[in-house]
Amino acid sequence: MANNILICDDAAFMRMMIKDILTKNGYNVVGEAENGAKGVEKYNELHPDLVLMDITMPEMDGIAALKGIKAADANAKVIMCSAMGQQAMVIESIQAGAKDFIVKPFQADRVLEAVKKVIG
């Protein structure tokens, strides 16, 4: 299967958790970014099949990064990740082109369900 995935989250332990879930299930994590600006840069460099994007990050938030990625590649597939209670941001990210949304703390089965739904 080896779909290439980019993980974008300012918390290193969150990136590690997601990477662990994905790699154990046959996905290939091609890159990691600690903020939205780096996420857009890595997307343009790596052209992954999917991006898992945190919403709240320094320098550039996930919604701005999502818009930047979608501007560069209208077919980009992005799943947003965020903590509970950010419904307005969920709606905004879906309107900006996100394919799905995962709530922290992550449940492995929910992460995999979202990834499978978006990239098979």
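The values are calculated or read from the model by the stated rules, or taken from the named source; none is laboratory data. Everything numeric here is computed off the predicted structure, so don't read it as measured data. Counting neighbours? That spans all protein chains shown, and the Cβs are built from the backbone with ideal geometry, glycine included. Remember, those area values only see protein heavy atoms, side chains included, never the ligands or the DNA or RNA. Shrake-Rupley method; radii C 1.70, N 1.55, O 1.52, S 1.80 Å.
Assorted remarks:
- Per residue value of the accessible surface for the chain (all protein chains in place, 1.4 Å probe), Å²: 48
- Measure of compaction for the chain (Cα Rg per 2.2 N^0.38 Å): 0.92
- Once you reduce the range 94-109 and the range 1-54 to the center of their Cα atoms, the two points are 14 Å from each other.
- Average projected area [Cα convex hull, the range 1-54], square nanometres: 3.1
- Cα-based Kirkwood hydrodynamic radius, the range 48-102, one decimal, Å: 10.9
- Contact order, relative form, for the chain: 23 percent (alpha carbon pairs under 8 Å, 6 or more residues apart, mean separation divided by residue count).
- Long pairs among Lys24/Lys70; Lys38/Lys77; Lys70/Lys104; Lys19/Lys104, criterion Cα-Cα beyond 19 Å: Lys24/Lys70; Lys70/Lys104
- 13 Å beta-carbon shell around Phe13, net charge (K/R +1, D/E -1): -3
- Across the accessible surface of the range 1-101, with the other protein chains kept in place and a 1.4 Å probe, carbon and sulfur atoms take up 53 percent.
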